[in-house]
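K.L.:
Here it is, the structure in full.
The values are calculated or read from the model by the stated rules, or taken from the named source; none is laboratory data. Quick caveat: nothing in here was measured; it's all calculated off a predicted structure. Note: ideal-geometry Cβ built from the backbone for every residue, glycine included; neighbour counts use all protein chains shown.
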Amino acid sequence: MKGIILAGGLGTRLYPLTHATNKHLLPVYNKPMVYYPIQTLVNAGIKDIILVVGGPYAGDFIRVLKNGEDFGLNSIQFVYQDGEGGISAAIGLTEKAVAGDSIVVILGDNTTDANISDAINNFKSGSVCFFKEIQNPKRYGVAVFDEENNLIEIEEKPDNPKSNLANTGLYIFDNSCYERIKTLKPSKRRVRGY
């Protein structure tokens, strides 16, 4: 299984902080933000990571992370995302680097300390999305389930949330996700330019 960290955003809401570097390289407490998702993957036993980067400061990641040895990684690869396109588009860029494996995907600004080892070790096929119960679901992407309790949608910042389970930006997918991604169309959120 390979880990994918999505760190290609431009961080425009953090400007002027992002005038000098990528938002994922800004410090959170005592280390760059991207160290947290890397550590989450390493703690779960993932030793091969692909970082999706973009924008004018993509090269800064190499300077900061080098070859990943400081984290005990076997390998770290960088995939460049030209422009925006959302999570599925970013994941789609990693298909060749993944080379048929299943993947654990985490957003580059995810600072969780959750232990996902059991979920990874028990994963066989399909997909796993991690959610957290929250008080104000209107501010997040919220899980929507059908009558059999199957996830059918993640609704972005709904006025009338159908659950109080927020998407955490952490996923596990088998390799069939790449064929599924090729069939997707942009969501209303992507079309509006968010």
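K.L.:
In the range 98-108, how many are under 21 Å from R180 (Cα atoms) and in contact with a Pro (Cβ under 8 Å, 6 or more places away or on another chain)?
P.N.:
So the answer is 2.
K.L.:
Just for the range 109-142: of the residues that are among the small types (G, A, S) and outside any loop (DSSP other than H, G, I, E, B), which one is farthest from E179 (Cα to Cα)?
P.N.:
Of everything passing the filter in the range 109-142, S117 is farthest from E179 (Cα to Cα).
K.L.:
Filter the range 112-126 for residues that are within 15 Å of the chain's Cα centre (by Cα) and surrounded by 16 or more Cβ atoms within 10 Å (Cβ to Cβ); which is farthest from N175 (Cα to Cα)?
P.N.:
Checking each candidate, the answer is T112.
K.L.:
Of the residues D70, D48, D60, which is exposed (fewer than 13 other Cβ atoms within 10 Å of the Cβ) and among the acidic types (D, E)?
P.N.:
Going through D70, D48, D60 in turn, just one is exposed (fewer than 13 other Cβ atoms within 10 Å of the Cβ) and among the acidic types (D, E): D70.
K.L.:
Also: List, please: which pairs have Cβ atoms under 8 Å, are six or more places apart or on different chains, and start with a residue in the range 143-166 that is in a loop (DSSP other than H, G, I, E, B) and end with one that is among the basic types (K, R) and crowded, with 16+ Cβ neighbours inside 10 Å?
P.N.:
none
K.L.:
Out of the residues in the range 3-36 that are of a type in the set (A, V, I, L, M, F, W, C), touching a Pro at 6+ places or on another chain (Cβ under 9 Å) and in a loop (DSSP other than H, G, I, E, B), state the one that is modelled with the lowest pLDDT.
P.N.:
Taking the candidates together, the pick is L10.
K.L.:
Can you tell me which condition I50 does not meet? The list is (1) out of contact with any Asp or Glu (no Cβ under 9 Å at 6 or more places or on another chain); (2) in contact (Cβ under 8 Å) with a residue 60 or more places away in the chain, and all the others hold.
P.N.:
(2)
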